[in-house]
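These notes are about the structure you will find just below.
The values are calculated or read from the model by the stated rules, or taken from the named source; none is laboratory data. Computed from a prediction, not measured in an experiment: that's the story for all the values here. Every residue, glycine among them, receives a Cβ derived from its backbone with ideal geometry; neighbour counts consider all protein chains shown.
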Amino acid sequence: MIISSFPPAPSTSMLLILLILAGSVSASQQALSTPNTLSSISWKSCGHLGSYNLECGRLSVPLDYVNPSTGTASLSILRLLADPMKRRGSLFANFGGPGVPGTGDWMRIRAPEMMEQSGGEYDIVSWDIRGVNDTTPGVKCFDSQEAADKFWAGSLWYKGVETNSSLRSSYDRNNFYSHVHSEDVRLRALWKRCESLSGDVLPYVGTAANARDVASMVDAIDGAGSEINYWGFSYGSILGQYITALFPDRLGKIIIDGIVYAPKWSVEPAVDFYNKLLTDTDKTYDGFVSLCAKAGPDGCALASVNSTRSSIKSDIEGLLLALYDPHYSKLPKELSRSSTVKAEIFMSLQSPRSWSQLADYLRSQKDFVKAAGDASELLAIDAVVRARDALRHATIMERHELKWYWDSEFYSNYWSIVCSDAPDDNGTTTLDLFDTIVQARERSILFGPMWPTEGSWPCHRSSIRAVERVTDFRVKPKHSVLILSNVYDPVTSIENGIEVLHKSFPKGDAGLGIRDGYGHCSYSMNSTCIVGVIQAYMRNWTLPGIDMKACPTEENLFPSKSML
């Protein structure tokens, strides 16, 4: 999911929403505020989750709300049904990405919990946003994963950035910058592929269109003009801000969780997005190593009896140095490279419940390197394979096997939406992108010099933008909005939640609930307190007070293995 200059502080009066349309503005804001639903939804049973029934259906909506004659999109929708005796309406959910299927695993993982936290009074409704999964027309940049693998083979995006000095040494920097031309050629070719396969769809998958789709679904399910109830996570927090900007007079219960301040997404240069994601990444990493040291060897595989935060950090740095392979030639494919291990750590920081497994993974890498021997012995693949097979718990993971990050369908969806929302490139070059990655080391020594897997880094080579873009998110909502942030979120720092609170809504029209601890979005660690904040808001729009302390968590991230 997850990132400066900001607009002036909001006034208490209603502000007009600035819509930037391709060409000229051809319709009034009032006309655009009324979505056009082209059909009703015919629901069918799609099984159940626990004691709750699932239904699925489809809804036809205009491909272009400004020009409905352009064609139609068909939204794939899934809902978890509340008790009909208690039902008060629908609560729409977006689980992030963009590009995460709303009708897939995340709906099944999160919806029952959302049902309980919202009082069991709302159907939980999710959908595949435009271009994604079963919603049509779809977006793709490759005909198959195999074609994508072939296209990206040898690229920094696929291999990662190998560095043992945070790009501070001239050797590492020169090696890194030697890829500028080849990556630029690849990015140009990427967008030619995307435009060839999906060029007629790309202008219509932006977040403004997805926000209008939410209003259309509300009209079709709960009745024309009904209030919009919505809970969005990560990218879903951006979509939530588009909904509040476009439909301030229709807002019901609105929760945004794991915040990206929307102007960072739609107004600021796309090439800067990755750098600004990393504000609290190192603090979260410090939490991982500190809790590991505190747990000791019985709870954390990286720890010894006398381990400290510093000693565990040094061990990980030593592992990364041993796996350093700047020309991608020293190590056999059976062994992870430093860039792969960094990517695995970065991804795991978002899910603290996986930290014990992350420690197991890093320990297996350490043991694997130790068993395989020094660099000269690592060249002998047979020795490496024998060492790997001798390690019962080894988890050797090639970067392309991290499907969440490297899946071609996900990234086709992701980039099409991110880049359609992005501002025009204004002369941005691929060299500027490389400079941004080097600068990112100032925010995070370990994770800054990585080839970004998040954000809008390829957008400067795309000429297609959404037909409707939003740049002003300052509104007075019909009802108050609940904002949720964690103290340490590795990809959407708490400063984003604070900015939305103070810059998007008049004082008193939004509240910020803060959860102590680590991870991405409020659900990443258990907190009875933050659940109470959500329940109070869902009952009657009660907001956390400005003097409310951060909610504590109740979760042991490194439980004693002797007690399992």
Counting only strands (runs of 3 or more DSSP E) entirely within the stretch 71-130, those with at least 3 residues that are of a type outside the set (Val, Ile, Thr) and more than 23 Å from Ile530 (Cβ to Cβ) are 72-80
When you scan the stretch 177-294 for helices (runs of 4 or more DSSP H) that lie fully inside it, which ones turn up with 1 or more residues that are out of contact with any Asp or Glu (no Cβ under 8 Å at 6 or more places or on another chain) and closer than 29 Å to Ser444 by Cα? 180-198, 235-246, 262-266, 273-277
Hey, any hits in the stretch 495-517 for a residue that's on the phi > 0 side of the Ramachandran plot and under 24 Å from the mean Cα position of the chain (by Cα)? yes
Could you grab the pairs with beta carbons closer than 6 Å, sequence gap of 6+ or different chains, first residue in the stretch 336-348 and at pLDDT 85 or above, second one hydroxyl-bearing (Ser, Thr, Tyr)? Ser338/Tyr324; Ser348/Ser354
Identity of the residue in the stretch 163-188, aromatic (Phe, Trp, Tyr) and surrounded by fewer than 18 Cβ atoms within 10 Å (Cβ to Cβ), that ends up nearest to the chain's Cα centre (by Cα): Tyr177
Which one of these does Ile129 not meet: (1) closer than 30 Å to Cys56 by Cβ; (2) out of contact with any helix residue (DSSP H, G or I) (no Cβ under 8 Å at 6 or more places or on another chain); (3) hydrophobic (A, V, I, L, M, F, W, C)? (2)
For Pro452, all conditions in the list (1) under 19 Å from the mean Cα position of the chain (by Cα); (2) assigned to a strand (DSSP E or B); (3) surrounded by fewer than 24 Cβ atoms within 10 Å (Cβ to Cβ) hold save one; what is the number of the exception? (2)
Can you list residue pairs whose Cβ atoms sit under 7 Å apart, with the first residue in the stretch 70-86 being surrounded by fewer than 20 Cβ atoms within 10 Å (Cβ to Cβ) and the second being assigned to a loop (DSSP other than H, G, I, E, B) and at pLDDT 95 or above? Count only pairs 6 or more apart in sequence or on different chains. Thr70/Leu63; Thr70/Asp64; Gly71/Leu63; Thr72/Leu63; Ser74/Thr135; Asp83/Gly120; Lys86/Gly120; Lys86/Glu121
When residues of the stretch 189-224 are filtered for being within 30 Å of Arg79 (Cβ to Cβ), within 25 Å of the chain's Cα centre (by Cα) and of a type in the set (Gly, Ala, Ser), how many remain? 7
Every residue from the stretch 40-65 that is touching a Pro at 6+ places or on another chain (Cβ under 9 Å) and part of a strand (DSSP E or B): Leu49, Tyr52, Val61, Pro62
Based on this model, can you work out whether Val260 counts as surrounded by fewer than 24 Cβ atoms within 10 Å (Cβ to Cβ), of a type in the set (Val, Ile, Thr) and at pLDDT 95 or above? no
Sort out which residues of the stretch 131-162 are crowded, with 20+ Cβ neighbours inside 10 Å, on the phi > 0 side of the Ramachandran plot and at pLDDT below 90, and write them in order of number. Gly160
Just wondering, is there one or more residues in the stretch 221-228 that are touching a Lys or Arg at 6+ places or on another chain (Cβ under 7 Å), under 21 Å from Thr430 (Cβ atoms) and surrounded by fewer than 24 Cβ atoms within 10 Å (Cβ to Cβ)? no
Could you tell me whether Gly120 is over 22 Å from the mean Cα position of the chain (by Cα), assigned by TED's automatic domain parsing to the domain that holds Ser76 and surrounded by fewer than 16 Cβ atoms within 10 Å (Cβ to Cβ)? yes
Consider Asp83 carefully, then state whether it is at pLDDT 95 or above and under 21 Å from Pro423 (Cα atoms). no
